[in-house]
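Here is the structure we will look at.
The values are calculated or read from the model by the stated rules, or taken from the named source; none is laboratory data. Here the structure is a predicted model, which is why all the values come from computation and not from measurement. A quick note on method: Cβ atoms are made from the backbone with ideal geometry, for glycine too, and the neighbour counts reach across all protein chains shown. In case anyone asks, the SASA skips ligands and DNA or RNA and just uses the protein heavy atoms, side chains included. Shrake-Rupley method; radii C 1.70, N 1.55, O 1.52, S 1.80 Å.
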Amino acid sequence: DLDAVFLRSPEPLLRDGDIIGERIWGRPRNVVKKWGAAICTGFYFLRATAANVAIFRKTQFLIAEKRQKQPRWQASDQWAINNALDQQVVDWSGGSRMKSNADFQAKYYDNTSHVGYTRLVRSKFVVLPHVAVARSCP
């Protein structure tokens, strides 16, 4: 995105994980409700792995399926990516979901990433703390 401006190299943020993205608490609501937050596609990074190819084929399928059912729906890669990941059955490292944005500490001071592993198509994804990639989205 053009609104993601780096003040230093993002390389340390991209070292670990097959899918790495910033945290968002807005949408998709079904995933945010289940996980506590979601991956914002305003900033995300993908490794070229077989698992990611499968997940992104599912992403493409979900967009096409929803547009067929709702032709006026404005396609959302953020909705589709998060739902495609969720459909792969997510296990969270440490066993707990992300904290919601109602937790002031999580939104403004938490420096920890949240790591999830998909079961069906094995992929590791990292949801970066909001403070690591701060943007003006919820």
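Key figures for this structure:
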quantity	calculated
Only listed residue being touching a strand residue (DSSP E or B) at 6+ places or on another chain (Cβ under 6 Å), touching a residue at least 12 places away in the same chain (Cβ under 8 Å), closer than 18 Å to Lys33 by Cβ and β-branched (Val, Ile, Thr), chosen from Val133, Val90, Val126, Val115	Val90
Test: Gly26 is on the phi > 0 side of the Ramachandran plot and either open to solvent by less than 60 Å² (accessible area, probe 1.4 Å) or under 13 Å from the mean Cα position of the chain (by Cα) (or both)	no
Conditions (1) open to solvent by less than 80 Å² (accessible area, probe 1.4 Å); (2) more than 12 Å from the chain's Cα centre (by Cα); (3) of a type in the set (Ser, Thr, Tyr): number failed by Tyr44	(2)
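For (1) modelled with pLDDT of 95 or more; (2) touching a strand residue (DSSP E or B) at 6+ places or on another chain (Cβ under 9 Å), each residue gets a yes or a no:
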{"residue": "Asp77", "(1), (2)": "no, yes"}
{"residue": "Asn83", "(1), (2)": "yes, no"}
{"residue": "Gly95", "(1), (2)": "no, no"}
{"residue": "Met98", "(1), (2)": "no, yes"}
{"residue": "Asp103", "(1), (2)": "no, no"}
{"residue": "Tyr109", "(1), (2)": "no, no"}
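Yes/no per residue for (1) under 30 Å from Leu7 (Cα atoms); (2) among the basic types (Lys, Arg); (3) in contact with a Ser or Thr (Cβ under 9 Å, 6 or more places away or on another chain); (4) not in a helix (DSSP H, G or I):
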residue: Arg23; (1), (2), (3), (4): yes, yes, yes, yes
residue: Asn52; (1), (2), (3), (4): yes, no, yes, no
residue: Arg72; (1), (2), (3), (4): no, yes, no, yes
residue: Arg97; (1), (2), (3), (4): yes, yes, no, yes
residue: Tyr117; (1), (2), (3), (4): yes, no, yes, yes
residue: Val127; (1), (2), (3), (4): yes, no, yes, yes
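Here is a yes/no grid of residues against (1) over 16 Å from the mean Cα position of the chain (by Cα); (2) among the aliphatic types (A, V, I, L, M); (3) farther than 25 Å from Leu120 by Cα; (4) open to solvent by 70 Å² or more (accessible area, probe 1.4 Å):
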site: Val5; (1), (2), (3), (4): yes, yes, yes, yes
site: Asp18; (1), (2), (3), (4): no, no, no, no
site: Cys40; (1), (2), (3), (4): no, no, no, no
site: Ala48; (1), (2), (3), (4): yes, yes, no, yes
site: Phe61; (1), (2), (3), (4): yes, no, no, yes
site: Lys66; (1), (2), (3), (4): yes, no, no, no
site: Leu85; (1), (2), (3), (4): no, yes, no, no
site: Ser93; (1), (2), (3), (4): no, no, no, no
